[in-house]
1. Could you check the simple spin-label distance between residue 73 and residue 93, using points 7 Å along Cα→Cβ, in nm with one decimal?
2. How much length would be gained if the chain were fully extended between residue 158 and residue 398, taking 0.36 nm per residue of separation minus their Cα-Cα distance, in nm to one decimal?
3. Grab the Cα-Cα distance for residue 416 and residue 101, subtract it from 0.36 nm times how many residues apart they are, and report the gain in nm with one decimal.
4. What distance in nm lies between label points placed 7 Å from Cα along the C-beta direction at residue 621 and residue 270?
5. Between residue 174 and residue 197, how high is the FRET efficiency from 1/(1 + (r/R0)^6) when r is the Cβ-Cβ distance and R₀ = 30 Å? Nearest 0.05.
6. How high is the FRET efficiency from residue 408 to residue 538, r the C-beta distance, R0 35 Å, rounded to 0.05?
7. Which order results if 404, 600 are arranged by neighbouring Cβ count within 10 Å, fewest first?
8. Report the extension gain between residue 108 and residue 522 in nm, rounded to one decimal, defined as 0.36 nm multiplied by the number of residues separating them, less their alpha carbon distance.
């Protein structure tokens, strides 16, 4: 090959290489330019996202959540919790004002969900203030606006038909969770307004509501995580639904029990699902079960239920009270007194309410469980009433020293209590003079006659100058008629006269205990002189001197009058017998038996007076009649100062029988 041709070939090769290099560089430049442009576009997009202003929806969600968190912060402050009602009204106003501000937003899903959450929070505050009709109206208006034409029965007046239509409309929509939350509040309103039949007719839907909320079906995951871009509810709907379920079971069970369907109520309670609930509510279910068993005449099983209630909630005063009633019915006095003592101690503890389920404290148990049946189930007497009963029981069952202490504690508490509060006790306590007399009688039984006389002096000094010269007792029918017409002055005077007479009676007992027969006769006589001022007026007849056959009911003024008359005549007759004034003694003792035939002391001492007067056959007959008498007055229904005295001279029945045997007149 020639050099020229070689040169020409090398030039062509170099040319081709140059062309290839230029092409490669051109392609590289184009590629870099494309990447550069793409980077510029990407950077611009990033900057646009970074500086995009927040939406109005996000701002409103944040405002709702701030209101919710502000309330929760208040709830954690013990000092502020005492002012809950004030802060509740403020929060209610804030949510309602906020709701008015957002109600013009477009009907998009996120917007509607925000609005329904704010409606939920507003209704929680409104319901917590017992404004139930306002809450129901707001619920219906909000759901109607949110669903617009989706609900078939918009204009129906039947709430169950309307709610069923609403639930069908949202079954497959993103609004279902919000609507279910609002249904929880409707349930709370039904329960708080005692619409038990409505809930019973809607029980399937309510059961499905609890199931759906408990499993979290349809809930937004962001909301469950507490995300700041999701509207927060003021009360956890799942916790609220569980609280509503157990409260509904309690309310319906109490209603069935009140209607006499105790076995059905017990069956419903036993088949009810086990829920996480405050100890107080769980204790209520045990209490209700025990009450059903009481009505089914199964006291031992009822006691087991009441014990479970106490184990669940150590301050369940209702369970203690019901246990005490069972012990009383069974005649177990020692257990009854122990239960009364525990009940009084528990009632005297500072009121400590267990916190509700987390996030449900706004809708309290007292708000949801307000039916008469539940109130009757949970009713217990006041601490003062329990203390009075405890004092009486101890004295009547030979625990006198304890009874005296309880009576003195009761008087001290009454002197320090607001008198208006004392007058509104249920059941009502005896009036102060009567409590003084009961305490005095207990002191005398405890061998403290001087203290007894001092209390009696207090009664006499406060009533003696107010006593009329004549008192007329009327039949119960006429007495009720007088009370309705406002003519109760005569009844007040009769009570004061009986109190004063009882004070003289107790002082007579005190002097008998001290064996000061002269003073005892004087005070028994003062008692008798007051009692003879009383006349009894039977319908259609003029006033007459009362007699024992007119006493038809214990506890009435006529019954008290006859007991005071019989006891004072008996006491004076015994005092006469101690001073050998046997004829006067026999007269008073026979009059005592006429006024109070069941007076054992009068019967025994009447026989003693007859025996010492030489009338031994009559004495034996009198003693035999007294021993064989089956008429026994119930001491439980009598005030302590109306009981026969345990102090003073007494006769031994065994000795009297031996005396009769010695003289061979036992068969007389």
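Read-outs: derived from the displayed coordinates by stated rules, not from any lab. Keep in mind that what you see is a predicted model, and the values were worked out from it rather than measured. Cβ: placed from backbone, ideal geometry, glycine included. Neighbour counts: every protein chain shown.
1. Once both label points are built, they end up 1.9 nm from each other.
2. 80.0 nm
3. So the chain would gain 108.0 nm between residue 416 and residue 101.
4. With each label point 7 Å from Cα toward Cβ, the separation is 6.3 nm.
5. 0.35
6. Once rounded, the FRET efficiency stands at 0.25.
7. So the residues, fewest neighbours to most, are 600, 404.
8. 139.4 nm
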